[in-house]
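Okay, so here's the structure we're looking at.
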């Protein structure tokens, strides 16, 4: 996927929830050989692997394609790619008010390991980031 496609889908997926990532930000990320990208124009997962740890940077699903299992599929595929790249565990941060995403991550066996108070800015103020982890062993 091109940076323009990633940014457009990110914009649609996070409409009204805060600032979407720009074309330039996606372009810069894709220049890094540690970045993993799985998906298509309906949904994608973007992460990175450094040493034996992976981080999910963003998981995006087009609003018209939600509730079809695409986000779960992209997350699983990213986890497999991360494990193949040597990661033993994967981390993510999710806004505490993003109930659907939290439920998805819990279903995928992620566990909360911490919080970052007032980390995310939203149109309604600031919310905590929940830090979650999963063993890829």
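None of the figures in this text is laboratory data; all of them are computed from the coordinates on show. Note that the structure is predicted; figures quoted are calculated from it, not measured. FYI the Cβ positions are ideal-geometry reconstructions off the backbone, even for glycines, and counts take in every protein chain you see.
In the chain, helices alone account for a calculated mean residue ellipticity at 222 nm of -9500 deg cm²/dmol, with every DSSP H run of four or more residues adding -39,500 (n - 2.57).
Rounded, prolate or oblate for the chain? Axes are the square roots of the Cα gyration tensor eigenvalues, ordered a ≥ b ≥ c, and the cut-off for rounded is a/c under 1.5. Show your work: numbers first, answer last.
Details: a/c = 1.38, a/b = 1.07, b/c = 1.29.
Here the chain falls in the rounded category.
Relative to the present Cα-Cα distance, how much length would full extension add between residue 32 and residue 68 at 0.36 nm per residue of separation? Please report the intermediate quantities before stating the final value.
Values: separation 36, 0.36 × 36 = 12.96 nm, distance 3.06 nm.
Computed gain between residue 32 and residue 68 is 9.9 nm.
Under the definition of Cα pairs under 8 Å and six or more residues apart, what whole-number percent is the relative contact order of the stretch 3-135? Before the final figure, lay out each step's value.
Values: 229 pairs, mean separation 26.7, N = 133.
Over the stretch 3-135, the number comes to 20 percent.
Between residue 2 and residue 111, the distance separating the two model label sites (each 7 Å from Cα on the Cα→Cβ line) works out to 4.5 nm. Each residue in 113, 90, 35 was given a count of other beta-carbon atoms within 10 angstrom of its own, and listing them fewest first yields 113, 35, 90. With both bridge residues required to lie in the chain, what share of the DSSP beta bridges run antiparallel, to the nearest 5%? Among the beta bridges of the chain, antiparallel pairing accounts for roughly 90 percent.
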